[in-house]
Amino acid sequence: MAGSFLQVLFQAHANLTPSGAHLAAAAVAAEEENVTWSPVEQQRLLELGHRPLKIAIITALGVLITLGNAAVALVIASSVSGWSRISRLFLLSLTGADAAFGLVVMPLNLCVSLLKDYRDGPDPLCHVVAFVNSTVYATCMYSLAAISAERYVAVFFPLKYASVLTRGRALRVIAFAWLFPPVLLLPISLPRGIIEVHFSTASLVCNPSYASNVAYSLALTAFIFFPCASVMTFANLRLWFAAKRQRVKLQRHAAGGRCRPDAAARVLVPVLTVYYTCWTPCMVTILYNAISGSRVPEWVEFVAVWLPTSNGFLNCIFYFWMNRSFQQKFRLLGQRLCLSLCPEVAQALGCMVPTALHAMAGLWDDNNCLQERSTSVSSTCTLLTRATETHT
């Protein structure tokens, strides 16, 4: 499916844009007619020549994000051992925001970049696309911050978890993560609003011209990136230090002082590292464009704009696939699906018989009821809870 989609995009690109052979033909014709192109036009033609490679990268990334988050949503929709209902609500919110990268942002920008003839001046369609892009990006950051806050409460206030994070409060936090960004970013959707929007052939997206309103651009970073980054950094660092102290205590009481695996570092360090790696270049580019009014080089802009979307796929790895309960539940659902579709092949591969699957499912569901206390969403929080119980 991805291959046929790429072929359609490439064919549309060949028909609608002067890239590849069309670009070469245009250059030869211009040379024969002694036409001189301005540096801006030369840069645009060069960027159009790189469009097929960029489309391939964006499409591959979109397929990974969509498939990864579809599998995550399938597992979270059912009960997972050690994950409370409140935790699953936050995780479903993050999964929805990440999936929007592959289902909305990427197809929308690719279609617009291939089918629209861009001119100078206001473009209502490009304003709408830029508004959708910015909203999804902001919602993803707020969802990540909400999960970090939920994990912090689950670990440091386990006895008060049920009273602090009730279902109603959790839904209000999730609603804020989804509804506040559209309100904050609404001016981007207005063609004659307070900020201009242009289509970038370097990144193949409709981007706000941040230099057209420096105050509003700085306000966006102040209300979106910096608060979310602060919450994530504070919560995850506190969790890491608490896990480190608990690990040292357990090593002292363990027989022979054997070294225990540092599970917290394997989860929290990659989470923070990936977050800042994916989002910082985008924020720096926004600030640079807003303050200086200049563009960054072509591939720097492309990477800075699309790198945050890769966070939507990496979240599947760090928040889900590194969790043992999630892996077990995913294997169970995969075996059920395989047995229902191809029972002969499933049994040949060594999958369990249906009766065994149902028995294990019942066992896991019972375990999930017992775990419906204040365990957290990631293996780190489960680590801290179990470590405390073991020490006690």
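Residues that are in contact with a helix residue (DSSP H, G or I) (Cβ under 6 Å, 6 or more places away or on another chain), closer than 21 Å to C316 by Cβ and modelled with pLDDT of 75 or more: which helices (runs of 4 or more DSSP H) entirely in the range 1-119 hold 3 or more of them? Write out each step before concluding.
Numbers: elements: 2-16, 21-32, 39-49, 51-76, 85-100, 106-115.
Fully inside the range 1-119 and qualifying: 51-76, 85-100.
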Quiz item: Which members of the range 304-324 meet the condition of being among the aromatic types (F, W, Y) and either open to solvent by 50 Å² or more (accessible area, probe 1.4 Å) or closer than 12 Å to T66 by Cα (or both)?
Solution: F313, W321
Quiz item: Checking F157 against (1) within 28 Å of P270 (Cα to Cα); (2) crowded, with 16+ Cβ neighbours inside 10 Å, which single condition isn't satisfied?
Solution: (2)
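So how many residues does the range 170-192 have that are among the small types (G, A, S) and surrounded by fewer than 16 Cβ atoms within 10 Å (Cβ to Cβ)?
Let us first name the residues in the range 170-192 that are among the small types (G, A, S), namely 170, 175, 177, 189.
Next cut, surrounded by fewer than 16 Cβ atoms within 10 Å (Cβ to Cβ) only: 175.
Selection size over the range 170-192: 1.
Go over the candidates T277, T309 one by one and state the one that is within 21 Å of A100 (Cα to Cα), in contact with a helix residue (DSSP H, G or I) (Cβ under 9 Å, 6 or more places away or on another chain), without any contact (Cβ under 8 Å) to a residue 40 or more places away in the chain and not basic (K, R).
On the way: T309 fails: without any contact (Cβ under 8 Å) to a residue 40 or more places away in the chain.
One residue alone meets the criteria, T277.
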Exercise. Test L357 against the stated conditions and say whether it is of a type outside the set (D, E) and either more than 28 Å from A100 (Cα to Cα) or modelled with pLDDT under 90 (or both).
Key: yes
Exercise. Scan the range 201-215 for residues that are within 13 Å of L110 (Cβ to Cβ) and assigned to a strand (DSSP E or B) and report the count.
Key: 2
Exercise. Check off (1) at pLDDT below 75; (2) buried (at least 16 other Cβ atoms within 10 Å of the Cβ) for L272 and give me the number that stays unchecked.
Key: (1)
Self-check item: Residue in the range 124-132 that is within 17 Å of the chain's Cα centre (by Cα) and at pLDDT 85 or above present
Solution: yes
Quiz prompt | Residue within the range 228-239 that is closer than 27 Å to E47 by Cβ and of a type outside the set (A, V, I, L, M) present | solution = no
Quiz item: Any idea which residue in the range 48-92 is surrounded by the most Cβ atoms within 10 Å (Cβ to Cβ), counting only those that are within 14 Å of the chain's Cα centre (by Cα) and without any contact (Cβ under 8 Å) to a residue 40 or more places away in the chain?
Solution: T66
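When you look at L144, is it at pLDDT 90 or above and within 30 Å of Q246 (Cα to Cα), yes or no?
Criteria met by L144.
The values are calculated or read from the model by the stated rules, or taken from the named source; none is laboratory data. Because the structure is a prediction, the values reported are computed rather than measured. All Cβ positions, glycine included, derive from the backbone under ideal geometry; neighbour counts span all protein chains shown. Just the protein is used for accessible areas: all its heavy atoms, side chains included, with ligands, DNA and RNA removed. Shrake-Rupley method; radii C 1.70, N 1.55, O 1.52, S 1.80 Å.
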